[in-house]
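Okay, so here's the structure we're looking at.
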Amino acid sequence: MPNAIIALGANLGEPIEALKAAVVDLEGTDGVAVKSVSPFYTTSPVESSGPDYVNAVALVETTLTPMALLKVCQNIELAHGRVRPQGVINAPRTLDLDVIDYEGVISDDPVLTLPHPRMHERLFVLVPLADICPEWQMKNGQSIEETIKKVKKMHPDQKIFTLSSKSMA
Ligand code: ADP
Ligand code: MG
């Protein structure tokens, strides 16, 4: 069965609860099995605004097509109150689920670009991904650890902290 990586994020409402609910929803979706979920992180908004984000990454196995998996993600976002204010890019959100990778498929379709076109410059994706898939290789062949080092150097403004296990309980 193909493996896919989904990045979860939220910074409005109850972000921790929203991420937990999204994982439950993914688990409850026909054709999707959640294999692992990273620890939750709190991160400063990157090219966005509002309160700090809570972010995590999930590894799933799926029989769905990449496009069907994206639809599942978008429906889960909607079920948790996601609104997309017109004309506002990277608006604060109650829940965001992005498909980071689908079995190494490469696609430049704007509806579903794979791997996710900005993952390599976002610590909030790379750091939790390294927790659950340390052997992961970037599209350019670089290791995830090398990429994290580079991004930390280039973007010292990107803050990321582990959420205490207490707040996840
Ligand atoms: P953000 O880019 O901040 O996550 P949205 O969640 O509103 O913003 O997504 C904007 C558009 O990005 C969606 O309409 C979706 O079709 C498109 N998109 C392209 N590639 C991907 C991907 N890999 N994962 C999720 N959405 C994607
Ligand atoms: Mg999104």
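Quick look at the numbers
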read-out: Rounded FRET efficiency, nearest 0.05, which uses the C-beta distance separating Asn140 from Glu14 and R0 of 45 Å; value: 0.75
read-out: Euclidean distance between Cα centres, segment 25-69 to segment 80-109, Å; value: 10
read-out: Karplus 3J(HN,Hα) series, Hz, for segment 99-113 with 6.51 cos²θ - 1.76 cosθ + 1.60 (x for Gly, Pro); value: 7, 7, 7, 10, 6, x, 4, 10, 8, 9, 5, x, 6, 8, 8
read-out: Nearest-0.05 FRET efficiency for Asp30 and Asp52, computed from C-beta distance (R0 30 Å); value: 0.30
read-out: Quarter of the Cα convex hull surface for segment 1-132, i.e. its orientation-mean projected area (nm²); value: 7.3
read-out: Kirkwood-based Rg to Rh ratio, segment 66-116, C-alpha trace; value: 0.99
read-out: Rg/Rh for segment 87-157, where both radii come from Cα atoms and Rh is the Kirkwood radius; value: 0.97
read-out: Segment 76-141 - percent relative contact order, Cα under 8 Å, separation 6 or more; value: 19
read-out: Computed lengthening from Thr63 to Thr162, 0.36 nm per intervening residue step minus Cα-Cα distance; value: 32.5 nm
read-out: Relative contact order (percent, whole number), the chain, Cα cutoff 8 Å, 6+ residue spacing; value: 28
read-out: Semi-axis lengths, Å, segment 1-69, gyration tensor of Cα atoms, sqrt of 5 times eigenvalues; value: 24, 12, 10
read-out: 10 Å Cβ shell holding at most 10 others, DSSP loop, GluC sites (Glu not before Pro): longest site-free stretch of the chain; value: 48-134
read-out: The chain: Lys pairs at Cα distance under 25 angstrom, eight or more positions apart or on different chains; value: 15
read-out: In nm, spacing of pseudo-spin labels at Leu78 and Met1 (7 Å Cα→C-beta vector); value: 2.5
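No value in this document is a laboratory result; all are computed from the given coordinates. Everything quoted here is computed from the prediction, not taken from an experiment. In this analysis, Cβ positions are derived from the backbone assuming ideal geometry, glycine residues included, and neighbour counts consider all displayed protein chains.
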